[in-house]
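Student: Below is the structure I would like to discuss, written out as structure tokens.
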């Protein structure tokens, strides 16, 4: 599923209640994962990094801007970092399955909505810019809130892309854009002389003949001189290259680069690149990193899988979800079994529940495998329907074979779910009474898995061009559903008796 990174910067780095409200707004949208949040009191600025599907990223950004407009008053805002808005900068960055064009479209949709609904002027920048002179964020923000307050509405060159022709009295204006991955990187010096930092920043930034793809400012933060950089293309200038350039310029000025900080997130390849350069390796470091191999073999997280189910792709769909529900039911049956064995109170059923645990674990593995097979079966059906319509017979044969296969997978899921329902019912009747509700939930899940699998058997049968193979499949599905529902009823009865009113 396409993923977008969004990195909204807000002009607040001190007020904990406002920072909490911004976090809550950004994460209130389903599908949004907040990766990082950093607040700097000296800059009086916070940077949030989130990833989400495109629509969720847009909605989260809008909610964050709305909260910022309600809670941040730029008339009283003071900080080291330049700013023009309560929500100052909101960039979209393409990640997996997304393109820069997708991010440009998101930026323009967000800008239009913010201008119309919040009455905040919006300037599009970087790849989303509608004017060449607005590609550079520094040019857009020049003059900051106080200067733009007089220019917007009076100078045609400062007419916003969206929103009213005047600055918002407290929330200012917002820059919304689309850009490649950017790293905000600061290097601190062992001096309190801001002039030294400004001199070094001039030497390293692209605009004044320094490193390519680097923007830099010199400022004073907490009594320390800081060279604040935006590395706008880390494949051109990586953080370790920028640090060495600042360090060399500092030595020329009679100072030293003492430490550095990354604001927000940084791609893994930056870290690998620094290590590879320092170690003078001839081959890529990533291939030797243990955690890379662990991640590659671990498969998706539950959250990743849920995102893929929620996506526009029809697979994984109901068949896979039914199998996973059955696997979850089996896991609960195994849990109740383990809470029963080895307990004096349940010695009479100890041997039986050891078998329950063993059977439940085997069913859990089988059902997870069936979930993968269901998605593959769906893809086989799609491939069959995509065959040329002429000649007709080969296509019909392919569709028939694919649909039979696609019916047999959920039928196997149904068989396994029916077995799990029986185990869960027995766990509810004779297992550890402290876990009877868990057994009941397992039975309900197994029943849902069985019913869902039966739906998938029937829908594949209904699509068969030749229904001669359908009768036996339908008859078995009907029998298994009846048996599974009987087990669910047994479990429900046992749970109700155990927990009362």
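Values in this text are rule-based calculations from the coordinates and carry no lab data. If you're wondering where the values come from, they're calculated on a predicted model, not measured in any experiment. For neighbour counting, all protein chains shown are included, and Cβ atoms are generated from backbone atoms with ideal geometry for every residue, glycine included.
Student: Give the whole-number value, in cubic angstrom per residue, of the convex hull volume spanned by the C-alpha atoms of the chain. Can you show the working numbers first?
Tutor: On the way: hull volume 116.9 nm³, N = 501.
Dividing the Cα hull volume of the chain by its residues yields 233 Å³.
Student: Full extension from residue 195 to residue 343: what is 0.36 nm times the residue separation minus their Cα-Cα distance, to one decimal in nm?
Tutor: Working: separation 148, 0.36 × 148 = 53.28 nm, distance 7.44 nm.
My answer for the length gained is 45.8 nm.
Student: Let me have the 222 nm mean residue ellipticity of the chain computed from DSSP H runs of 4+ only, each contributing -39500 (n - 2.57), with the sum over all residues rounded to the nearest 500. Don't jump to the answer; show the numbers that get you there.
Tutor: Values: 15 runs with 272 residues, N = 501.
After summing the helix terms and dividing by the residues of the chain, the value is -18500 deg cm²/dmol.
Student: Considering only DSSP beta bridges with both partners in the chain, what is the antiparallel share in %, to the nearest 5?
Tutor: Working: 40 of 49 bridges.
Antiparallel: roughly 80 percent of the beta bridges in the chain.
Student: Could you tell me how many degrees, from 0 to 90 and to the nearest 10, lie between the Cα long axis of helix 16-27 and the main elongation axis, the longest principal axis, of the Cα atoms of the chain?
Tutor: 50
Student: Provide the packing ranking of 249-256, 327-334, i.e. peptides ordered by the mean count of other C-beta atoms within 10 Å per residue, highest first.
Tutor: Working: 249-256: 15.6, 327-334: 26.5.
Answer by packing, highest mean first, reads 327-334, 249-256.
Student: Quick check of the Kirkwood formula: for the stretch 315-499, what is the inverse mean of 1/r over all pairs of different Cα atoms, in Å? Display every interim value, and only then the final one.
Tutor: Details: mean 1/r = 0.0589 Å⁻¹.
Over the stretch 315-499, the inverse of the mean reciprocal pair distance is 17.0 Å.
Student: Continuing with the same structure: For the stretch 267-283 and the stretch 329-363, what is the separation of their C-alpha centers, rounded to whole Å?
Tutor: 50
Student: Report the equivalent ellipsoid semi-axes for the stretch 4-178 in whole Å, largest first, defined as the square roots of five times the eigenvalues of the gyration tensor built from alpha carbon atoms.
Tutor: Result for the stretch 4-178: semi-axes of 22, 20, 13 Å.
Student: Averaging sequence separations of C-alpha pairs under 8 Å and six or more residues apart, then dividing by the length of the stretch 4-178, give the relative contact order as a whole percent.
Tutor: Numbers: 402 pairs, mean separation 43.8, N = 175.
Answer for the stretch 4-178 is 25 percent.
Student: Return 162, 48, 378 ranked ascending by Cβ neighbour count within 10 Å, so the fewest neighbours appear first.
Tutor: Listed from fewest to most nearby Cβ atoms, that is 162, 378, 48.
Student: Angle between the Cα long axis of helix 54-71 and the longest principal axis of the chain, 0 to 90 degrees, nearest 10?
Tutor: 50
Student: Which FRET efficiency value, to the nearest 0.05, do you get for residue 499 and residue 109 by plugging their Cβ-Cβ distance into 1/(1 + (r/R0)^6) with R0 = 60 Å?
Tutor: On the way: r = 50 Å, r/R0 = 0.84.
Computed FRET efficiency for residue 499 and residue 109 comes out at 0.75.
Student: Within a 10 angstrom radius of the beta carbon, how do 499, 461 rank from fewest other beta carbons to most? Kindly include the intermediate steps, with their values, before the conclusion.
Tutor: Working: 499 11, 461 20.
Ranking 499, 461 by Cβ neighbours within 10 Å, fewest first, gives 499, 461.
Student: Relative to the first principal axis of the alpha-carbon coordinates of the chain, what is the inclination of helix 268-279, with its axis defined by its Cα atoms, in degrees from 0 to 90 and to the nearest 10?
Tutor: 70
Student: Please work out the FRET efficiency for the pair residue 268 and residue 99, using the Cβ-Cβ distance as r and a Förster radius of 22 Å; give the result to the nearest 0.05.
Tutor: Working: r = 21 Å, r/R0 = 0.97.
That pair, residue 268 with residue 99, gives E of 0.55.
Student: How big is the antiparallel share of DSSP beta bridges in the stretch 93-240, given as a percent to the nearest 5? Can you show the working numbers first?
Tutor: Numbers: 16 of 21 bridges.
DSSP beta bridges in the stretch 93-240 are roughly 75 percent antiparallel.
Student: Quick one: 187, 347, 263, fewest Cβ neighbours within 10 Å first, how do they rank?
Tutor: On the way: 187 27, 347 11, 263 22.
The fewest-first ordering by Cβ neighbours comes to 347, 263, 187.
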